[in-house]
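Everything on this sheet refers to the single structure shown next.
All of the numbers you see were taken from the coordinates with simple rules; none came from a lab. What you are looking at is a predicted structure, and each value in this text was computed from that prediction instead of being measured. Note: ideal-geometry Cβ built from the backbone for every residue, glycine included; neighbour counts use all protein chains shown.
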Amino acid sequence: MGTFSHEHQVRVRYSETDQMGYVYYGNYAAYFEVGRVEAMRSLGISYRDLELQGILMPVSKYEVKFLLPCRYDELLTIKTEIKEMPHARIRFHYLTFNESGRQVNEAVTELFFLDREKQKPVRAPEILLNALKNLQS
């Protein structure tokens, strides 16, 4: 599988900054979630639809490396990538860029597919696998 990539922009709100005027580090997880949800939506898949089908996607791993701080009112571009075909887990890679195009961080989240009713891991839904396969054609 080739790399799937999607970009989404978020503007830093005042309430997301700390006393130093920088984006509080914990808020990046929410930015990455927006990037992930919008990337999935661009594939024609919504989290809501997966949940209605009984599939949940809890995060099992989160890693981030900070390179530069971001400040209030900056427009950030979150580039979200899926580099490998998911199985029971899916990994999202993120690169965040500021308005000048400089990379400010990089991150990875790993999520697994969970059957809501049985509370057991399951394979990736066919709708997701088919969407990613169709990008290759």
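A few remarks follow.
- Relative to the longest principal axis of the Cα atoms of the chain, helix 126-136 runs at roughly 70 degrees.
- Base-10 log of normalised Debye intensity for the range 25-137 (one unit scatterer per alpha-carbon) at q = 0.15, 0.21 Å⁻¹: -0.69, -1.15
- Relative to the dominant Cα principal axis of the chain, helix 27-42 is inclined by about 40°.
- Helix-only [θ]222 nm of the chain, DSSP H runs n ≥ 4, -39500 (n - 2.57) each, per residue, nearest 500: -7500 deg cm²/dmol
- With the highest mean first, a sort of the peptides 72-78, 56-62, 15-21 on other beta-carbon atoms found within 10 angstrom per residue produces 72-78, 56-62, 15-21.
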